[in-house]
């Protein structure tokens with residue numbers, strides 16, 4: 001089934017609020033606005049990077065998209081189906097086409113299950129195949145992620161962090177999904193192992209014709225992996241553009257600060273370090289106007305009073321920015 005709008009995934013004005021309850025009767029006295037009006041789309045066969053500081057709402061977006069967390073409002077279209085309003089039968093089909101790779105390669109694997117059972121479990125849940133045929137499929141996918149068929153009967157504690165993440169990748173791909181949500185898949189790994197996993201993900205994308213939503217806080221990793229990038233700050237997207245355009249010409253002050261922190265080996269590519277003052281405001285009580293104005297060196301006038309819309313800037317190159325000064 002092909003998407004009518006050219007995108008595999010389209011997120012529109014997504015909001016995810018968590019109630020704050022107090023008192024003996026646990027009355028709701030406010031909300032943590034973890035995701036507050038996020039919109040983006042992911043083209044088939046491409047990779048969108050969702051980046052920002054810890055706590056900005058990246059992982060909440062991913063978990064809301066797959067309905068691990070209930071959405072407060074918005075629309076998430078996967079092909080022709082609105083995930084947030086799908087019934088049980090529709091969700092079963094969607095979940096066989098969307099997989100997740102988790103950040104923690106240690107906590108995401110059941111220590112009491114063998115590798116064969118961990119990787120093969122999605123096939124059992126969706127009643128695809130069983131018995132020797134199932135283990136044959138597991139052996140095939142383990143080989144494709146750089147492991148051995150002999151690992152089927154081993155347990156997670158017998159593997160290194162990089163090998164465990166390969167097991168997690170094999171589990172995510174066993175159902176041959178169309179979309180893979182990668183939630184900081186290399187942040188818990190050594191730098192030497194990160195490059196191996198990133199190259200593996202790229203190779204698998206070409207082999208299986210995968211589409212990735214790649215969540216990260218490391219912009220150097222995103223630069224290598226992604227075709228387009230959306231930058232989040234305090235529950236909102238502040239800038240979105242094709243990756244080469246964003247890295248060549250960042251416009252939002254927050255994006256510029258993130259870019260300046262990327263280590264560069266070549267001195268000619270280094271940017272002057274932009275140091276941000278202050279702390280990230282609370283998502284339960286976000287500042288009025290632009291949410292970044294409490295830390296922004298350019299903030300003045302309307303920045304304190306009105307929220308800037310995410311608008312296309314800089315000559316219509318698909319470069320969107322939410323900033324009154326750009």
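The values are calculated or read from the model by the stated rules, or taken from the named source; none is laboratory data. Predicted model, so just to flag it, every value in this text is computed and none were measured. Cβ atoms come from the backbone with ideal geometry, glycine included; neighbour counts cover every protein chain shown.
Among residues of region 267-280 that are surrounded by 12 or more Cβ atoms within 10 Å (Cβ to Cβ), those with a Cβ under 6 angstrom from a residue that is at pLDDT 70 or above and assigned to a loop (DSSP other than H, G, I, E, B), sequence gap 6+ or separate chain, pair up as 276/295.
The residues of region 94-118 that are farther than 18 Å from residue 182 by Cβ and exposed (fewer than 14 other Cβ atoms within 10 Å of the Cβ), listed by number, are 110, 111, 112.
For every residue, the table says whether it meets (1) assigned to a loop (DSSP other than H, G, I, E, B); (2) crowded, with 18+ Cβ neighbours inside 10 Å.
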position: 287; (1), (2): yes, no
position: 291; (1), (2): yes, yes
position: 296; (1), (2): yes, yes
position: 303; (1), (2): no, yes
position: 308; (1), (2): yes, yes
position: 318; (1), (2): yes, no
position: 323; (1), (2): yes, yes
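Just one residue in the set 139, 146 is more than 23 Å from the chain's Cα centre (by Cα), surrounded by 15 or more Cβ atoms within 10 Å (Cβ to Cβ) and closer than 28 Å to residue 218 by Cβ; that residue is 146. Taken over region 1-54, residues that are exposed (fewer than 13 other Cβ atoms within 10 Å of the Cβ) and not in a strand (DSSP E or B) amount to 10.
Based on this model, can you work out whether residue 57 counts as in contact with a strand residue (DSSP E or B) (Cβ under 8 Å, 6 or more places away or on another chain) and within 21 Å of residue 8 (Cα to Cα)?
Numbers: in contact with a strand residue (DSSP E or B) (Cβ under 8 Å, 6 or more places away or on another chain): yes; within 21 Å of residue 8 (Cα to Cα): no.
Here the answer is no, as residue 57 does not meet what is asked.
Scanning region 94-111 for residues that are in contact (Cβ under 8 Å) with a residue 60 or more places away in the chain and either within 13 Å of residue 122 (Cα to Cα) or in a loop (DSSP other than H, G, I, E, B) (or both) yields 96, 97, 98, 99, 100, 102, 103, 104, 105, 106, 108.
Checked against (1) farther than 17 Å from residue 99 by Cβ; (2) buried (at least 19 other Cβ atoms within 10 Å of the Cβ); (3) in contact with a strand residue (DSSP E or B) (Cβ under 8 Å, 6 or more places away or on another chain), residue 180 passes all but condition (1). Which is at pLDDT below 95 and more than 21 Å from the chain's Cα centre (by Cα), of 251, 246? Just a single option satisfies the conditions, and that option is 251.
So how many residues does region 55-76 have that are in a helix (DSSP H, G or I) and either out of contact with any helix residue (DSSP H, G or I) (no Cβ under 7 Å at 6 or more places or on another chain) or farther than 18 Å from residue 96 by Cα (or both)?
Keep residues of region 55-76 that are in a helix (DSSP H, G or I), which gives 58-65.
Still in the running and either out of contact with any helix residue (DSSP H, G or I) (no Cβ under 7 Å at 6 or more places or on another chain) or farther than 18 Å from residue 96 by Cα (or both): 58-64.
Result for region 55-76: 7.
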